Amino acid sequence: MLKNYVRFLIKYLCRFKLMLLGILLLSVLSSAINLLIPYTSSLLFDSGIIPGNISIIIKISIVMALLSIIKFIVKYYGQVAHAQLSVKFTTSIKKDMYSHLLRLPMKYFDKNHKGYLLSRIDEVDALSVLFSSAIFDFFAAMVTATGAFVYILNKSWMLLIISFVFLPFFYFLTRASLNRIHITSREIYEVNATTKGKLQESIEGIQELKQLNNEEKTFKELTNQVNRIARKIIQQSKFAAMGTEGVSLLLNISQIIITLTIGLLIVRNRLSIGDYVALTQYILLLYAPVQLIAAFSMTIQPGLVALDRVSSILQVDIEENETGIKIDAIRSVEFKDVSFKYEESENKIFQKINFIVEKNENVAIQGINGSGKTTIIKILLGLYRDYEGDIEINGINLKEINISSLRESVGIVSQNVILFSGTLLENIKMSNPNISELHLENLMDIFQDKMFKDIDPYSLVLNEKANNLSGGQKQKVAILRAFAKNPDLLIFDEATSNLDLASKAFLEEAIKKFFNNKICIIITHEEEISRIADRILEIVDGVIIEKKYDKVISGGRS
């Protein structure tokens with residue numbers, strides 16, 4: 001697991017090599033200053049204070065003051081650099097997370113609640129602890145500890161041995177605390193993600209929640225989750241306190257014993273007062289890495305857990321076949337013995353269905369709810385790729401086609417219309433950002449006269465989920481958005497249920513006019529819309545049958 005952590009971190013840190021190098025150089029400079037300060041303190045006593053040499057006292061004091069100022073400057077810029085690296089590191093991962101999530105297959109979203117996934121993205125912020133100043137302070141402390149080791153060994157090997165006797169106790173105490181903190185951190189993240197998912201679900205369905213008079217029950221469920229998180233956090237704090245305070249206790253005991261030993265050596269004239277001043281500081285420097293690693297290892301645990309959870313998402317395979325064959329138009333769609341079932345289901349939605357739709361053809365697909373009508377469209381768009389059989393676009397296997405180029409050629413209007421915050425015009429242009437102003441104006445003029453008499457598409461600003469539009473208005477916007485794309489394949493998935501008769505009649509004429517030489521697939525229960533179809537396919541018990549032509553209401557393409 002540690003190797004995976006390191007590989008993941010190196011991948012991102014390589015993007016900031018110069019900044020990282022600068023921080024390391026500042027750490028080395030800080031270490032050198034830390035090593036000089038105890039030595040100058042020793043000189044101050046042995047060469048200045050004890051002999052009574054005022055000139056030496058003043059000179060060394062000035063040197064110590066300058067060292068302190070330089071140390072302040074180095075530490076300041078080091079802290080700023082740490083903060084910049086931390087922000088850039090987490091921002092870089094967040095961008096990759098956004099990009100990766102948007103390209104994950106639909107089955108991943110089927111398994112995970114939206115709120116849960118949003119919480120997982122928020123966990124990226126916890127990675128900032130991995131690049132707090134503590135980790136670079138530890139690097140600097142290791143350098144100073146090496147210098148302190150040499151100095152103490154030169155003065156008294158006995159003191160060095162006493163200092164090292166306590167190290168195994170530090171290790172085992174820290175290790176025990178870390179294991180417990182790691183476990184509770186993982187539990188906290190998981191419960192928090194689940195709670196956020198539940199909360200988002202409740203807010204999105206607040207109207208239904210109120211209609212069912214279910215607010216109190218939902219509140220109790222959320223309260224139980226929040227209380228569970230609180231208990232885990234308190235438990236984690238206890239483990240962290242035991243670790244950090246236990247380390248402090250061991251340090252205090254070791255310093256008392258070391259001070260006693262130094263005192264005895266001074267009495268026996270084996271060390272000077274200056275040595276005492278320097279040694280007590282160098283021993284603190286020797287122990288500094290132990291203190292830092294103990295404190296940092298405990299604070300880093302949530303970051304390591306977040307690192308594991310974040311990297312696990314980034315390792316999920318994305319759906320797009322970016323290296324596939326790009327298509328410039330859709331001239332035919334053919335399903336050959338296609339069978340499919342959702343991952344969580346035991347039964348197939350449909351099995352060995354066969355049909356072909358070609359250019360200059362309207363086809364309606366009918367069937368009872370749950371028969372798989374919408375699933376056919378999802379598979380056709382490459383949202384699910386684990387189907388059996390073959391799907392061919394222009395005679396090319398769908399799995400060999402570049403999905404992005406396929407979707408560029410498809411316009412779809414769903415029953416559950418999704419519109420985004422912003423102007424109505426911005427929503428329309430989302431399907432085709434490069435649409436010419438002339439083409440857009442022509443479409444708007446045609447649609448506004450027939451379908452948008454009650455709203456101004458040029459000035460209207462949509463709120464969240466476009467709640468300031470009716471269901472019928474939303475469907476009209478979605479239809480116009482699909483027309484603005486000018487696709488080779490236009491799909492209506494129960495997309496006219498909220499339209500009035502006049503709007504449906506206009507839509508029929510618009511399809512005939514704008515898509516006369518293209519492909520149109522209509523999923524519907526409504527006879528008014530079915531009458532523009534050249535053929536009607538019906539899904540019955542998981543297979544497709546074609547209705548006899550005389551059952552199609554007159555009015556298909558001429």
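The values are calculated or read from the model by the stated rules, or taken from the named source; none is laboratory data. Model, not experiment: these values are computed from the prediction. Note that we place each Cβ from the backbone using ideal geometry, even for glycine, and neighbour counts take in every protein chain shown.
Could you list all residues from segment 85-124 that are within 30 Å of residue 141 (Cα to Cα), surrounded by 14 or more Cβ atoms within 10 Å (Cβ to Cβ) and more than 14 Å from the chain's Cα centre (by Cα)? 85, 86, 88, listed by residue number. Of all residues in segment 500-528, those that are assigned to a strand (DSSP E or B) have Cβ atoms under 9 Å from Cβ atoms of residues that are basic (Lys, Arg), 6 or more apart or on another chain, in 519/331; 519/359; 523/373. Taking (1) surrounded by fewer than 17 Cβ atoms within 10 Å (Cβ to Cβ); (2) under 24 Å from the mean Cα position of the chain (by Cα) in turn, residue 182 satisfies each apart from (1). Just to be sure before I move on: is residue 172 in the same structural domain as residue 81 (by TED's automatic domain parsing), farther than 20 Å from residue 78 by Cβ, loosely packed, with under 15 Cβ neighbours inside 10 Å and not hydroxyl-bearing (Ser, Thr, Tyr) in the structure I sent? In short, yes. Is it true that some residue in segment 59-71 is more than 30 Å from residue 315 (Cα to Cα), surrounded by 14 or more Cβ atoms within 10 Å (Cβ to Cβ), among the polar types (S, T, N, Q) and in contact with a helix residue (DSSP H, G or I) (Cβ under 8 Å, 6 or more places away or on another chain)? No.
Sub-7 Å Cβ pairs linking a first residue in segment 374-399 that is closer than 12 Å to residue 332 by Cα to a second residue that is of a type outside the set (D, E, K, R) and part of a helix (DSSP H, G or I), at least 6 apart or interchain, are 391/379; 391/380; 391/398; 392/398; 393/406, ordered by first then second residue. Remark: pairs (first residue in segment 342-356, farther than 18 Å from residue 108 by Cα; second residue in a loop (DSSP other than H, G, I, E, B) and among the aromatic types (Phe, Trp, Tyr); Cβ separation under 8 Å; 6+ apart in sequence or on different chains) = 349/342.
Within segment 416-435, residues that are in the same structural domain as residue 470 (by TED's automatic domain parsing) and on the phi > 0 side of the Ramachandran plot have Cβ atoms under 9 Å from residues that are surrounded by 14 or more Cβ atoms within 10 Å (Cβ to Cβ) and not in a loop (DSSP other than H, G, I, E, B) in these pairs: 422/462, counting only partners at least 6 apart in sequence or on another chain.
Conditions (1) farther than 20 Å from residue 282 by Cα; (2) modelled with pLDDT under 85; (3) out of contact with any Pro (no Cβ under 7 Å at 6 or more places or on another chain), marked per residue:
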position	(1), (2), (3)
17	yes, yes, yes
28	no, yes, yes
38	no, yes, yes
44	no, yes, yes
52	yes, yes, yes
65	no, no, yes
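None of 533, 502, 510, 495 is at pLDDT below 80 and closer than 30 Å to residue 351 by Cβ except 495.
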